[in-house]
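The values are calculated or read from the model by the stated rules, or taken from the named source; none is laboratory data. Since the structure is predicted, the reported quantities are computational estimates derived from the model, not experimental observations. Here the Cβ is made from the backbone with ideal geometry for all residues, glycine too, and neighbour counts use every protein chain on show. SASA here: full protein model, heavy atoms, side chains in, ligands and nucleic acids out. Shrake-Rupley method; radii C 1.70, N 1.55, O 1.52, S 1.80 Å.
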Amino acid sequence: MRRTAQRVGAALLAATAVAAIAWPVYGRQAFLDCLKILAPLGVSTAVVAEVLASQRAWLGGLRRQLSAVALLGAVQLAVGVALFANLMFVSRHDAFFMALIAGYAGLVGLAAAALVARRVVADVDAVRGALVKVGEGSRDVQIAVAGGDELATLAADVETMVDKVARAERARRELVAAVSHDLRTPVTTLQLVAEGLEDGIFEPERTREKLGLISTHVRALGALIDDLLEFSRLEAGDVHWSTEHVQLGELLEETVEAMRPQADRDGVAVRAEIAGETAAAQANPEQLQRVLFNLIQNAIRHTPADGSVVVRAESVAGRAVEVEVADTGEGIAEGDRDRVFEPFAQGASRSGRSDGAAGLGLAIARAIVEAHGGRIWLADAPAGTRVRFTLPSS
Ligand SMILES: Nc1ncnc2c1ncn2[C@@H]1O[C@H](COP(=O)(O)OP(=O)(O)OP(=O)(O)O)[C@@H](O)[C@H]1O
Ligand SMILES: [Mg+2]
């Protein structure tokens, strides 16, 4: 109701402004006469337009809605002409021709509205048809719309959305295939060894060795399942940890010490550079350590003996801290750089999945960093690999 009153007020204001144009040219009486015609026209148009807008559903499809607007325009024109003829004492002859012109203008307006409506409805139908196809499972959708208006934007948005859905579905399929593969290989080995044990085909001294093999595979399977569960929880945004003030210098030292036995075994020197001793992050220490473990483990794994791994942290612009794990290893091939953070993505240098690496480490690291509001990326490195990530500073 308030909106209608506002529109009526605006229509009256516009009528006064337009009628005022006549005042300096034909005087005050002309202004009043003009206002007598424009004011009722403006008010009735505002009220009827408001009713049409609020009763759109009752009017029916877009074609009928646009025709109704055109009809409103034609009726207003006819009423305007009638009021003008009456108030200005126009002769019957002139009034007759004015009525003819008004009628013709109304008809032309209706035809124009029908034409525009047909095009609009065709574009709407194109978008609707595409959505129906998507619902039926099609993902190769091209929507041909004629205009460059909001409907064209809508069509482009729908195409982008379908593309995203298709990519997500593909990623999910690949994930399932990779998971099945990673589960299949150890399970097949386990099955063969178990059958061999059952049939007693192994020498007694080899039985112990086979039991060791079973336990290695079972551990690897358990770790893979844990990683998968963790990854799917993180992906679903199921994050229940709290964050606290974490002194990065201490945490880096502690993590590097925990990884030292593995590095020593592989002949790789590992150290934390505490230039960022004062750097502190707002993070969950266990999760942050998990990210660092994954990155350092990768770095050690891909660095030959006598190489080195360095972990650094620094504050950037007072708002964030940047942590880097740099190694002097084989580096990541150009073609793999874009996808190493995807689950199950493994570089070309990998000979297979036999060493128990599933390809989830970086995907988990990315999910954890992003859940903290940071980002992770491969920084440029002249040699070796540099993985960097940011965290909000504390
Ligand atoms: N520091 C690195 N140097 C060279 N290649 C790396 C490095 N870090 C990661 N990569 C490449 O990125 C791939 C993905 O790493 P990610 O940590 O996600 O999986 P993974 O180490 O193979 O398996 P997981 O971490 O599950 O044990 C690796 O297989 C490897 O090809
Ligand atoms: Mg890894």
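Just a few scattered comments:
- Only a single item in (1) closer than 28 Å to Leu228 by Cβ; (2) in contact (Cβ under 8 Å) with a residue 60 or more places away in the chain; (3) surrounded by 20 or more Cβ atoms within 10 Å (Cβ to Cβ); (4) away from ligand 2 (no atom under 15 Å from the Cβ) is not met by Gly374, and it is number (2).
- Residue count for region 378-387 under the criterion of being part of a strand (DSSP E or B) and away from ligand 2 (no atom under 16 Å from the Cβ): the result is 1.
- Qualifying residue in region 264-287 (condition: of a type in the set (D, E, K, R), open to solvent by less than 50 Å² (accessible area, probe 1.4 Å), away from ligand 2 (no atom under 16 Å from the Cβ) and within 19 Å of Gly373 (Cα to Cα)): no
- Criterion: within 13 Å of ligand 1 (Cβ to nearest atom), closer than 18 Å to Glu286 by Cα and at pLDDT below 95 - qualifying residue of Ile364, Ile376: Ile364
- Near pairs, Cβ below 8 angstrom, 6+ apart or cross-chain, from region 329-342 (outside the structural domain of Ala305 (by TED's automatic domain parsing) and near ligand 1 (Cβ under 7 Å from one of its atoms)) to any residue that is of a type in the set (Asp, Glu) and in a loop (DSSP other than H, G, I, E, B): none
- Ala258 in contact (Cβ under 8 Å) with a residue 40 or more places away in the chain and part of a helix (DSSP H, G or I): no
- In the set Glu324, Glu314, only one residue is within 12 Å of ligand 1 (Cβ to nearest atom), in a strand (DSSP E or B) and in contact with a strand residue (DSSP E or B) (Cβ under 7 Å, 6 or more places away or on another chain); that residue is Glu324.
- Assessment of region 30-43 against the conditions (in the same structural domain as Leu110 (by TED's automatic domain parsing), without any contact (Cβ under 8 Å) to a residue 12 or more places away in the chain and either closer than 27 Å to Ala112 by Cα or open to solvent by 60 Å² or more (accessible area, probe 1.4 Å) (or both)) yields no matching residue.
- Residue, most open to solvent (accessible area, probe 1.4 Å), within region 215-243, restricted to residues that are among the aliphatic types (A, V, I, L, M) and not in a helix (DSSP H, G or I): Ala236
- Hey, Gly212 without any contact (Cβ under 8 Å) to a residue 24 or more places away in the chain and open to solvent by less than 30 Å² (accessible area, probe 1.4 Å) or not: no
- Top-ranked residue of region 293-331 - restricted to ones that are within 19 Å of Gly361 (Cβ to Cβ) and under 28 Å from the mean Cα position of the chain (by Cα), ranked as most open to solvent (accessible area, probe 1.4 Å): Asn294
- Scan of region 338-360 for residues that are within 15 Å of ligand 2 (Cβ to nearest atom) and at pLDDT 80 or above, ordered by number: Arg339, Val340, Phe341, Glu342, Pro343, Phe344, Gly359, Leu360
- Reported count of residues in region 164-175, each being within 24 Å of Arg128 (Cα to Cα) and in contact (Cβ under 8 Å) with a residue 12 or more places away in the chain, is 3.
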